[in-house]
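For reference, the structure is listed below as structure tokens.
Only the coordinates and a few stated rules stand behind these numbers; no lab work does. Everything numeric here is computed off the predicted structure, so don't read it as measured data. Cβ: placed from backbone, ideal geometry, glycine included. Neighbour counts: every protein chain shown.
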Amino acid sequence: MPSLKEIKTRIASVQSTRKITSAMKMVASSKLHRAQIAIQNMLPYSNQLEHILKSFLASMPEAQTKFDEERPHINRVALIVYSSNGSLCGGFNGNVLRLTQQVVNEYRAQGITDITIYPIGRKVAEKVGKMGCKSAGNFMELADKPNAHDSGLIAKEVAKKFARHEYDRVELIYHHFKSAGSQILTRKTLLPIDLSTETIGKDNDRDLTSGLATAKAQEYLRKRGEIKTKREQEEAKPLNDDYIVEPDMYSVLSVLIPKLLNLSVYTALLDNAASEHAARMVAMQTATDNADELLSELSLQYNKGRQAAITNELLDIVGGSVNN
């Protein structure tokens, strides 16, 4: 059994660790709130662009561009992979790296070895060389400071290379942010783009109203979300937009499709940032709870040891007085 001094030192150590994890949880919660605001600020533009595309494509079923061209033979693949620059966020980075390695192995099993990775985040950037893939550059700053301009440059580059047949397929690997307690690891095809109206806007299922991550809170928010969705479906009205296309359909799509690609890359970036902060908040909350439980056990053990020591001293005193 450890001595009282050892137990007291352990208690002080756990208390110090608990202060750190509690502070990190609060910082992650604050950053998550800012990330949710960034997503909310992006949503009006996203919803309007999706509204225009849905209405336009519904009236133009024969719409086709060079960006939705299916390649019969895939020889070159690009992966845009999102991770974080820091640690202490649970299995956030590990899950991304495992899925990326799985995707790379799948393509290699098909005989495709020309794989380029756009690493957004230090964790995935460190693993690109070990996977035996080519890196498209250094995009670590985007993981900490998401911005539409730099993500638009990535979308523009992959779109240009896809149009020139330098890439035959482009995929996104990231965490889709659904709520503070749920981040879905997602593998999504960016190019060739799917222009069907059913796929546009299907990822707009985020809960940005709360930063709570407990099971009861998430269950309440999920039920409330289901009720809200049913009400919106009942009140939904069909799109009746009547567009006059000038100068021609291809010219309009040549402007809208790159905007949609930019939006997809930027949305994934915002989702990844929010998911990272949510994962870190949950991990630090779990660590804090574990520290509280450990402190309770150590305090009980310390009190028992102290009581035993006092009892032994009393017995020695009583025994000495009796002998005298």
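Taking amide H as placed 1.01 Å from N in the peptide plane, the amide H of ILE193 sits under 5 Å from that of ASP68, GLU69, each at least 5 places away or on another chain.
For segment 148-194, the extents of the C-alpha atoms along the principal axes are 41, 23, 14 Å, listed from largest to smallest. Site pair GLN110 and ASN290 shows an inter-label distance of 3.9 nm when each label is modelled 7 Å from Cα along Cα→Cβ.
Rg to Rh ratio, segment 12-116, alpha-carbon atoms and Kirkwood radius? That ratio equals 1.15. Between SER135 and ILE117, the built amide H atoms are under 5 Å apart, and every one of these is 5 or more places off in sequence or on another chain. Farthest towards the positive end of the charge dipole of segment 4-142, among the residues HIS73, MET42, GLY111, is the Cα of MET42, using unit charges on the Cβ of Lys, Arg, Asp and Glu. In this structure, the amide hydrogen of THR186, modeled 1.01 Å from its nitrogen in the peptide plane, lies closer than 5 angstrom to those of TYR174, HIS175, HIS176, counting only residues at least 5 positions away or on a different chain.
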